[in-house]
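Each remark here refers to the structure printed beneath this line.
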Amino acid sequence: YYTTYHPDGIVASLLPLDFGNPSKRPANELLALSVMGEDAAPAVANLVGGLNDPDTRQSLVAGNLLTAIAGIGPAAAPAIPALLEMLESASTRQKGLIVQTLMNMGIAAAATESRVGELLADEDAGVRAIAAAALVKIGAS
């Protein structure tokens, strides 16, 4: 019963995620983690591993990965350094997802205020809008 229905058991059954095998993309697992909230916090280290993999960053699974981290919320704060690194070479779509992820972390992402603030000058209106919303949510004054 514990393994099947307790959040810890569910997270353990989904891990480790294999980002290196293109034929085994973990889209369903990432979706499951994205709706578990802070109960999925034990998966953060594995998710950061995906963020740190250049092939994963450029793949279709990157959006699912960011959505999973965003769904975990403030408990995913250990992912912030990898998110900021990813932001440096992100596409417009990924920038929006990264900032949304930081926004979902709330004040746990307050240290990113300066970097998110820089996105207020981004060429894309959508990125500017999500950056403005994120600054409010992460506690910027």
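Rule-based calculations on the coordinates, nothing more; no lab input. Since the model is a prediction, treat every value here as computed from it, not as a measurement. Because the Cβ atoms are built from the backbone with ideal geometry, glycine has one as well, and the counts that use them run over all protein chains shown.
Backbone phi angles across segment 92-108, fed through the Karplus curve with coefficients 6.51, -1.76 and 1.60 (θ = phi - 60°), yield HN-Hα couplings of 4, 4, 5, 4, x, 5, 5, 5, 4, 4, 4, 4, 5, 7, x, 5, 4 Hz in residue order; Gly and Pro are listed as x.
For the chain, excluding the exposed loop sites themselves (GluC sites (Glu not before Pro), DSSP loop, at most 13 other Cβ atoms within 10 Å), the longest remaining stretch covers 1-87. Shape class of segment 57-119 from the Cα gyration tensor (axes a ≥ b ≥ c, square roots of the eigenvalues): oblate, since a/c reaches 1.5 or more and a/b does not exceed b/c. Can you classify segment 14-92 as rounded, prolate or oblate using the Cα gyration tensor, where a ≥ b ≥ c are the square roots of its eigenvalues, rounded means a/c under 1.5, and otherwise it's prolate if a/b beats b/c and oblate if not? Oblate, because a/c is 1.5 or more while a/b does not exceed b/c. Dipole magnitude for the chain: computed about the Cα centre from +1 point charges on Lys and Arg Cβ and -1 point charges on Asp and Glu Cβ, it is near 180 debye.
Figure legend: label point modelled 7 angstrom from the Cα of residue 118 along Cα→Cβ; residues of segment 75-97 with amide N under 19 Å from it are 79-97. Helical content of the chain, expressed as a calculated mean residue ellipticity at 222 nm, amounts to -16500 deg cm²/dmol (DSSP H runs of 4 or more residues, -39,500 (n - 2.57) each, divided by residue number, nearest 500). Per residue, the convex hull around the alpha carbon atoms of the chain comes to 92 Å³.
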